[in-house]
Amino acid sequence: MSYRAEIIAVGTELLLGNVANTDAQFLSEQLASVGVDVLYHTAVGDNPRRLTEVIDIARRRADLLIFTGGLGPTYDDLTKETVCRALGVELVFHPEIVEEIRQYLETVFGAEAPACDSQQAWLPRDCTVLHNAVGTAPGCIFEKDGLTVVLLPGVPKECRYLTEHALIPWLRQKHEGVILSHDLRIFGLREPLVQEKLADLMDQAVNPSLAPYAKTGEVMLRLTAKADTAEMCEELMAPLFWDVKTRLGDYLYGVDVDSLEQRVLHLLRQRGLTLSAAESCTGGLIAKRITDLPGASAAFLGGVVSYTNGVKAHVLGVPEELLEEYGAVSAPVALAMAEGVRRLTGSDLAVSVTGVAGPDRDDRGNEVGTVFIGLAAPDDTAVRQLALGTGRDRIRTVAAHYAFDMLRRYLTDLPIY
């Protein structure tokens with residue numbers, strides 16, 4: 001069965017801008033992976049009248065309505081009651097839910113469940129209960145007059161848990177055959193250039209389909225096929241995948257990997273090499289991102305955040321004459337930083353970043369977004385100069401991307417620039 005979905009996020013805090021609607025983004029990605037077409041995103045406040053109006057509109061244009069938020073125990077958690085009233089569905093008390101809530105609160109907080117939590121045990125008649133192991137609000141799925149309705153908690157951790165462990169498996173069972181996806185990760189080409197290279201493939205692709213997703217500083221393509229078996233899905237996707245790979249070349253850095261740093265860590269461990277980092281404008285972001293990964297200790301030895309010239313000179317051993325002649329944001333200093341941290345830690349490879357993240361130019365007149373990435377290896381050194389535009393957080397993020405990409409290219413014998 002193929003669904004047309006609308007995601008309806010309930011919560012006044014979303015409309016006030018106090019909270020970002022990350023649930024809708026996550027749900028859209030997950031639903032796409034099982035072939036569900038998300039046609040609309042809607043956000044509405046904690047107001048029964050306005051929520052009823054949204055339901056009346058949504059049920060006429062979608063056959064799968066997914067609600068997030070408003071399932072808690074407080075007075076303004078009215079999603080479940082409003083949805084059931086609007087659709088003419090009776091609420092039924094589930095005593096086992098009260099026991100689940102009690103056990104959860106006692107385990108996590110060591111506290112008795114307050115009486116108001118029993119509100120969460122009233123669920124639509126004949127629904128499929130989605131048991132919540134990471135919170136107190138259960139979700140549910142029910143069907144009414146050809147409409148499928150899903151109620152999920154709004155707390156991102158709980159929404160994600162129930163989506164991954166309950167909703168997506170339920171949807172997979174509803175589909176005839178198999179839906180299989182692969183995520184293709186691209187770095188070094190902006191989304192418009194990716195679409196330009198692949199425009200005809202994206203326009204023509206139906207099964208398998210090819211959809212782009214822009215990330216900060218990189219692009220992801222999701223390749224999805226529907227068939228009777230997983231093997232048939234792979235056969236359908238293979239020609240399109242190879243066409244995409246041929247057109248993108250070495251900008252395609254991985255398939256079904258989460259990040260550049262994951263790819264780099266895999267390559268380091270595969271080759272038995274170690275890494276260290278010297279960071280200025282990224283402030284330790286490279287070290288953080290690689291140590292966020294399980295198994296990083298097998299390859300990453302450590303790093304130095306050399307934010308000042310004093311640390312660059314006295315810890316990393318950058319010659320003071322280089323700092324005086326070229327300034328901290330320069331190719332010679334970037335190389336010296338990489339060589340210094342490699343010498344200091346004894347790593348096989350070292351990467352460095354120095355640049356101007358803003359909001360103003362540095363004392364040498366370098367524009368905001370000017371960044372130098374250095375790489376030191378046993379057989380070579382290299383430096384790359386970048387102009388990353390504006391936006392302090394974006395500059396730091398993209399600079400770290402480029403540092404990992406230089407490592408990825410070195411480790412796979414690709415041109416670094």
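The values are calculated or read from the model by the stated rules, or taken from the named source; none is laboratory data. Please read these numbers as outputs of a predicted model, since none were measured by experiment. No Cβ is skipped: glycine too gets one built from the backbone with ideal geometry, and neighbour counts run over all protein chains shown. Surface accessibility is based on the protein's heavy atoms, side chains included, excluding ligands, DNA and RNA. Shrake-Rupley method; radii C 1.70, N 1.55, O 1.52, S 1.80 Å.
Tabulated data for the structure shown
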| item | result |
| --- | --- |
| Tabulated pairs, the range 214-227, first over 11 Å from Phe187 (Cα atoms), second in a loop (DSSP other than H, G, I, E, B) and open to solvent by less than 20 Å² (accessible area, probe 1.4 Å), C-beta under 7 angstrom, 6+ apart or interchain | Leu223/Pro208; Thr224/Gly35; Thr224/Pro208; Ala225/Pro208; Lys226/Gly35 |
| Candidates Thr52, Thr74, Thr68, Thr12 - the one that is farther than 16 Å from Ile141 by Cβ, among the polar types (S, T, N, Q) and modelled with pLDDT of 95 or more | Thr52 |
| Residue that is modelled with pLDDT of 95 or more, of a type outside the set (A, V, I, L, M, F, W, C) and over 30 Å from Lys288 (Cβ atoms), where the choices are Thr246, Thr224 | Thr246 |
| Counted residues, the range 317-359 - those being more than 16 Å from Ala377 (Cα to Cα), more than 30 Å from the chain's Cα centre (by Cα) and part of a loop (DSSP other than H, G, I, E, B) | 7 |
| Qualifying residues in the range 10-19 (those that are in contact (Cβ under 8 Å) with a residue 24 or more places away in the chain and out of contact with any Leu (no Cβ under 9 Å at 6 or more places or on another chain)) - the one most open to solvent (accessible area, probe 1.4 Å) | Leu15 |
| In the range 20-38, residue surrounded by the most Cβ atoms within 10 Å (Cβ to Cβ) [restricted to those that are in contact with a helix residue (DSSP H, G or I) (Cβ under 7 Å, 6 or more places away or on another chain) and aliphatic (A, V, I, L, M)] | Leu27 |
| Arg342 within 16 Å of Gly303 (Cα to Cα), touching a strand residue (DSSP E or B) at 6+ places or on another chain (Cβ under 7 Å) and not aromatic (Phe, Trp, Tyr) | yes |
| Whichever residue in the range 360-392 is among the small types (Gly, Ala, Ser) and outside any loop (DSSP other than H, G, I, E, B) and, among such residues, is most open to solvent (accessible area, probe 1.4 Å) | Ala387 |
| Residue satisfying all of: in the range 69-85; part of a helix (DSSP H, G or I) and touching a residue at least 60 places away in the same chain (Cβ under 8 Å); farthest from Pro156 (Cα to Cα) among these | Val83 |
| Residue list for the range 218-234, filter: touching a Ser or Thr at 6+ places or on another chain (Cβ under 6 Å) and closer than 30 Å to Ala403 by Cα | Arg222 |
| The range 290-303, residues that are surrounded by fewer than 23 Cβ atoms within 10 Å (Cβ to Cβ), touching a residue at least 12 places away in the same chain (Cβ under 8 Å) and either within 21 Å of Leu388 (Cα to Cα) or over 17 Å from the mean Cα position of the chain (by Cα) (or both) | Gly295, Ala296, Ala298, Leu301, Gly302 |
| Looking only at the range 304-316, and only at residues there that are in contact with a strand residue (DSSP E or B) (Cβ under 8 Å, 6 or more places away or on another chain) and assigned to a loop (DSSP other than H, G, I, E, B), the one that is most open to solvent (accessible area, probe 1.4 Å) | Val315 |
| Flag if Arg102 is among the basic types (Lys, Arg), open to solvent by 20 Å² or more (accessible area, probe 1.4 Å) and closer than 20 Å to Val149 by Cα | no |
| From Val108, Val54, residue being of a type in the set (A, V, I, L, M, F, W, C) and buried (at least 16 other Cβ atoms within 10 Å of the Cβ) | Val54 |
| Number of the exception - His266 against (1) surrounded by fewer than 16 Cβ atoms within 10 Å (Cβ to Cβ); (2) over 22 Å from Val333 (Cβ atoms); (3) not hydrophobic (A, V, I, L, M, F, W, C) | (1) |
| Strands (runs of 3 or more DSSP E) contained entirely in the range 86-204, each with at least 1 residues that are closer than 26 Å to Thr224 by Cα | 139-144, 147-152, 178-187 |
| Subset of the range 211-263 [open to solvent by less than 30 Å² (accessible area, probe 1.4 Å) and acidic (Asp, Glu)] | Glu218, Glu261 |
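Each row is one residue, and each column tells you yes or no for (1) surrounded by 19 or more Cβ atoms within 10 Å (Cβ to Cβ); (2) closer than 24 Å to His41 by Cβ; (3) free of Cβ contacts under 8 Å to residues at least 40 places away in the same chain.
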{"site": "Ile66", "(1), (2), (3)": "yes, yes, no"}
{"site": "Leu91", "(1), (2), (3)": "no, no, yes"}
{"site": "Pro95", "(1), (2), (3)": "no, no, yes"}
{"site": "Ala133", "(1), (2), (3)": "no, no, yes"}
{"site": "Lys157", "(1), (2), (3)": "no, yes, yes"}
{"site": "Tyr161", "(1), (2), (3)": "yes, yes, yes"}
